[in-house]
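Heads up, the thing below is written out as structure tokens.
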Amino acid sequence: MTDTASDAVSLPTSPSTSPSLTLLGLGAMGAAFARAWLAAGYSLTVWNRTPGRAEALIAAGARPAASAAEAVAASPLVVTCLLDDASVGGALADTDLVGKDLVDLTTGTLSQARARAAWAEARGARFLSGGIMAVPPMIGVPEAGGYVLYSGSQDLFETHRTTLAAPAGTRFVGGNPGHAALQDVALLSGMYGMIAGAAHAFALVRGEKDISPAEFAPLLAGWVGAMSAVIPQIGQQLESGDYESGVTSSLAMQVAGAQTFLATAQDQNVSPELLTPVFDLMRRRAETGGGREGFAGMVDLLT
Ligand code: FVH
């Protein structure tokens, strides 16, 4: 993995290698990328299915294209930021991609990205898939820490890395075009697990008139942040295969305490539906020889 996030977050003052590009898709995210490229001095051609969405960007200096085909023809580098993979296929269907460098920032699955890469290459283009790890307000704001995972053609990435680094940090994660999408979804899945835990925690306290959710929130955020330190340990244990060394909070201990969590949910009239799958998995692992382990063994049960 090549980590370029740290050296890519500053906005280039004068684009050198690829001063012009085309962007298809001016939704919330596409428009944020467009504003960042315009602010960095790039010559930007834009196209959106609904033309009205381009107006503010045209006022800011973007060049409108009357069709996706015209937009693609305007620049060697073409970026798509559309709703889903089907919209990418639809928007590019009647375009000439021969000799183009196509960067697709649309969120999709690993297999969609691989298929899109083969599709683009068969049409004469180099292809790079991007997974955006940011929300629109983070784009063009280096200190916000947003970045994009890229995979696919490393030659394309190197050719355009200055351009790609203008809106957000960049991180090339290998030649397999599906790996940016896969890691994007994996990271977001981790986020949803955190949200599930937070939803359960808020549900437990919301019935108490003396506990303010707003005052409880920083306690929860601080605790979840501190506990994220276990994630590197899980990664190291999965790599080494040793799931017991260094474990301070064993599964056996935690499973023994599960009843406390379920009883508390019952006392507070809170559904345990977000909690029980995690405890069920921990119990299964502990009961099949993993009682001295931490959380790494749970990954084995899922794969
Ligand atoms: N916004 C976010 O927080 C997340 C952050 C992480 C990455 N996602 C993904 O980014 C892709 C674009 O998201 P977006 O926020 O720009 O989405 P919308 O504002 O809904 O804009 C969608 C654009 O796609 C165009 N579009 C939709 N269907 C088609 C189609 N069949 N043919 C051509 N274009 C299409 C739509 O055009 P219009 O509705 O204005 O005509 C917008 O330009 C996305 O993959 C997120 O998952 C964002």
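Residues in segment 144-153 that are surrounded by fewer than 18 Cβ atoms within 10 Å (Cβ to Cβ) and in contact (Cβ under 8 Å) with a residue 24 or more places away in the chain: GLY145 only. The lone criterion from (1) exposed (fewer than 13 other Cβ atoms within 10 Å of the Cβ); (2) assigned to a helix (DSSP H, G or I) left unmet by GLU208 is number (2).
Scanning segment 43-59 for residues that are of a type in the set (Gly, Ala, Ser) and in contact with a strand residue (DSSP E or B) (Cβ under 9 Å, 6 or more places away or on another chain) gives SER43, ALA54. Checked against (1) in contact with a strand residue (DSSP E or B) (Cβ under 9 Å, 6 or more places away or on another chain); (2) touching a residue at least 60 places away in the same chain (Cβ under 8 Å); (3) under 30 Å from ALA186 (Cβ atoms), PRO137 passes all but condition (1).
The strands (runs of 3 or more DSSP E) found entirely in segment 41-132 that carry 2 or more residues being within 24 Å of GLY169 (Cα to Cα), away from the ligand (no atom under 13 Å from the Cβ) and without any contact (Cβ under 8 Å) to a residue 60 or more places away in the chain are 43-47, 101-104.
Taking segment 46-81 as the range and being closer than 16 Å to ALA120 by Cα and open to solvent by 20 Å² or more (accessible area, probe 1.4 Å) as the test, the residues that pass are ALA69, ALA73, PRO76.
Scanning segment 133-147 for residues being assigned to a strand (DSSP E or B) and either within 16 Å of VAL88 (Cβ to Cβ) or within 9 Å of the ligand (Cβ to nearest atom) (or both) gives a total of 1.
When VAL270, VAL255 are screened for being β-branched (Val, Ile, Thr), within 24 Å of THR303 (Cα to Cα), surrounded by 14 or more Cβ atoms within 10 Å (Cβ to Cβ) and in contact (Cβ under 8 Å) with a residue 24 or more places away in the chain, only VAL255 passes.
What do you reckon, is SER129 under 17 Å from the mean Cα position of the chain (by Cα) and not assigned by TED's automatic domain parsing to the domain that holds GLY99? Walk me through how you get there before you give the answer.
Values: under 17 Å from the mean Cα position of the chain (by Cα): yes; not assigned by TED's automatic domain parsing to the domain that holds GLY99: no.
Here the answer is no, as SER129 does not meet what is asked.
Restricted to segment 179-201, and to residues there that are open to solvent by less than 70 Å² (accessible area, probe 1.4 Å) and more than 13 Å from the chain's Cα centre (by Cα), the residue that is farthest from GLN268 (Cα to Cα) is GLY193. Please specify each residue of segment 29-40 satisfying the condition of being within 12 Å of the ligand (Cβ to nearest atom) and either modelled with pLDDT under 95 or in contact with a strand residue (DSSP E or B) (Cβ under 7 Å, 6 or more places away or on another chain) (or both). Those that are within 12 Å of the ligand (Cβ to nearest atom) and either modelled with pLDDT under 95 or in contact with a strand residue (DSSP E or B) (Cβ under 7 Å, 6 or more places away or on another chain) (or both): MET29, GLY30, PHE33, ALA34. Looking at this structure, is ALA8 of a type in the set (A, V, I, L, M) and modelled with pLDDT under 95? Taking the combined requirement at face value, the residue satisfies it. Against the criterion of being open to solvent by less than 40 Å² (accessible area, probe 1.4 Å), within 30 Å of SER153 (Cα to Cα) and touching a Pro at 6+ places or on another chain (Cβ under 8 Å), GLY174 does not qualify. From (1) surrounded by fewer than 24 Cβ atoms within 10 Å (Cβ to Cβ); (2) assigned by TED's automatic domain parsing to the domain that holds TYR42, pick out the condition that doesn't hold for ALA113. Here ALA113 clears every test but (1).
The values are calculated or read from the model by the stated rules, or taken from the named source; none is laboratory data. None of the values given here were measured: they were computed from a predicted structure. Here the Cβ is made from the backbone with ideal geometry for all residues, glycine too, and neighbour counts use every protein chain on show. Calculation scope for accessible area: heavy atoms of the full protein, side chains included, ligands and nucleic acids excluded. Shrake-Rupley method; radii C 1.70, N 1.55, O 1.52, S 1.80 Å.
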